[in-house]
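A.B. asks: The structure follows.
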């Protein structure tokens, strides 16, 4: 539920046509639910409240997970210079 005690719902087409209007409402603290017909598909919330109230919770890794720091990769030997590949790609464009 939004700060003001009511839910702002808007269909995709209306949001597209009046985006500036809805963004002004969000700047003032409103939360907008984006609807695809009768199905909610997303929300626009003020930036500050998204980070204060809805902080992401860290999920512990599964048992036996070594982490990226402990992974070992075999030495990859590249016979082509990556810069040459980038320059060739840019010349094609």
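The values are calculated or read from the model by the stated rules, or taken from the named source; none is laboratory data. Owing to the predicted nature of the structure, the values given are computational and were not obtained by experimental measurement. FYI the Cβ positions are ideal-geometry reconstructions off the backbone, even for glycines, and counts take in every protein chain you see.
A.B. asks: Quick check: anything in the stretch 65-84 at pLDDT 80 or above, surrounded by 10 or more Cβ atoms within 10 Å (Cβ to Cβ) and out of contact with any helix residue (DSSP H, G or I) (no Cβ under 8 Å at 6 or more places or on another chain)?
C.D. replies: no
A.B. asks: Would you be able to tell me the number of residues in the stretch 27-48 that are over 15 Å from the mean Cα position of the chain (by Cα), without any contact (Cβ under 8 Å) to a residue 24 or more places away in the chain and under 16 Å from residue 12 (Cβ atoms)?
C.D. replies: Of the residues in that region, 2 qualify.
A.B. asks: Moving to a separate point now. For residue 3, are the conditions met, namely being surrounded by 10 or more Cβ atoms within 10 Å (Cβ to Cβ) and either at pLDDT 90 or above or part of a strand (DSSP E or B) (or both)?
C.D. replies: Against the criterion (surrounded by 10 or more Cβ atoms within 10 Å (Cβ to Cβ) and either at pLDDT 90 or above or part of a strand (DSSP E or B) (or both)), residue 3 does not qualify.
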